[in-house]
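The values are calculated or read from the model by the stated rules, or taken from the named source; none is laboratory data. This one's a predicted model, so the numbers in the text were calculated from it and none came from an experiment. Please note: Cβ atoms are built from the backbone with ideal geometry, for glycine as well, and neighbour counts cover all protein chains shown. Heavy atoms of the whole protein, side chains included, go into the accessibility calculation; ligands, DNA and RNA do not. Shrake-Rupley method; radii C 1.70, N 1.55, O 1.52, S 1.80 Å.
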Amino acid sequence: MTLAVGDTAPDFTLPTADGGTVALADVLEGADKGVVVYFYPSAMTPGCTTQACDFRDSLAALQGAGYTVVGISPDEPARLAKFAERDALTFPLASDPEHTVLEAYGAWGEKKNYGRTYTGVIRSTVVVGTDGVVQVAQHNVKATGHVARLRRSLGID
């Protein structure tokens, strides 16, 4: 299953790097326009670091435009905490080791890399409006340049 624009985003509550939890419903309440939920394969890997740092560097512009950012991966909270500390990531990083939310958002499935087929995280970004409806659904995105393209699609740049 892959979410599409106009779908209702599945709610979730997941543990975070800081020892707490993040719930989509709670984050939506505090957002003016919506929540950018991005899914990445593994903390502290080159592509995921590039993407996370791009979100970090664009956070002020995204927040200024009314969006909150949440990153989700199958990593355990302790690894996410190291990632957040190492790269000064100030937005919530959530842990989904059972792939429940990843699957619900279409960010878990078959992938091909260097001629090999396997199951894993499909790098994806979903923007959920304050009404809980998907405004943007991008799957199988490239880490480099993705945040700049997202900002343009949201009319921020």
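Return the percentage of antiparallel bridges among DSSP beta bridges fully within the range 31-153, rounded to the nearest 5 %.
Values: 17 of 26 bridges.
In the range 31-153, DSSP labels about 65 percent of beta bridges as antiparallel.
Per DSSP helix of 4 or more residues, -39500 (n - 2.57); summed, then divided by the residues of the chain. What does that give at 222 nm, rounded to the nearest 500? Mind dumping the intermediate values first?
Working: 5 runs with 50 residues, N = 157.
Mean residue ellipticity, 222 nm, calculated: -9500 deg cm²/dmol.
Write out the GluC sites (Glu not before Pro) in the range 94-157 meeting two conditions: DSSP loop, and at most 13 other Cβ atoms within 10 Å of their Cβ. Show your work: numbers first, answer last.
On the way: sites: GLU98, GLU103, GLU110; in loops: GLU98.
Counting only loop positions with at most 13 other Cβ atoms within 10 Å, the GluC sites (Glu not before Pro) in the range 94-157 are GLU98.
Treating only the Cβ of Lys, Arg, Asp and Glu as charged (+1, +1, -1, -1), what charge dipole size does the range 1-67 show about its Cα centre? Round to the nearest 20 debye.
With Lys and Arg at +1 and Asp and Glu at -1, about 160 debye.
Name the shape class, rounded, prolate or oblate, that the alpha-carbon gyration tensor gives for the range 32-76, where a ≥ b ≥ c are the square roots of its eigenvalues, rounded holds for a/c under 1.5, and otherwise prolate holds if a/b is larger than b/c and oblate otherwise. Numbers along the way, then the final one.
Values: a/c = 3.75, a/b = 1.75, b/c = 2.15.
Note, shape of the range 32-76 comes out oblate.
Excluding same-chain residues fewer than 8 positions from LYS112, which lysines have a Cα within less than 27 Å of its Cα?
List returned: LYS142.
At a temperature of 37 °C and a viscosity of 0.692 mPa s, determine how fast the range 1-133 diffuses translationally according to Stokes-Einstein, using the Kirkwood radius over alpha-carbon pairs as Rh; express D in µm²/s, rounded to the nearest whole number. Let's see the in-between values first.
Details: Rh = 14.9 Å.
Here the translational diffusion coefficient equals 220 µm²/s.
With unit charges on the beta carbon (Lys/Arg positive, Asp/Glu negative), name the residue among THR45, VAL70, LEU24 whose Cα is farthest towards the positive pole of the charge dipole of the range 1-75.
THR45
Excluding ligands and nucleic acids, what accessible area in Å² is computed for ARG79 using a 1.4 Å probe, to the nearest 10?
90
In debye, nearest 20, what is the charge dipole magnitude of the range 58-157 about its Cα centre with +1 on Lys and Arg Cβ and -1 on Asp and Glu Cβ, if you could check?
Working: 11 positive and 10 negative charges, 106 e Å.
For the range 58-157, the charge dipole is close to 500 debye.
With Cβ to Cβ distances under 12 Å as the rule, what net charge do the other residues near LEU62 carry (K, R +1; D, E -1)?
Numbers: positive: LYS33, ARG56, ARG151; negative: ASP32, ASP54, ASP57, ASP157.
Residues near LEU62 contribute -1 overall.
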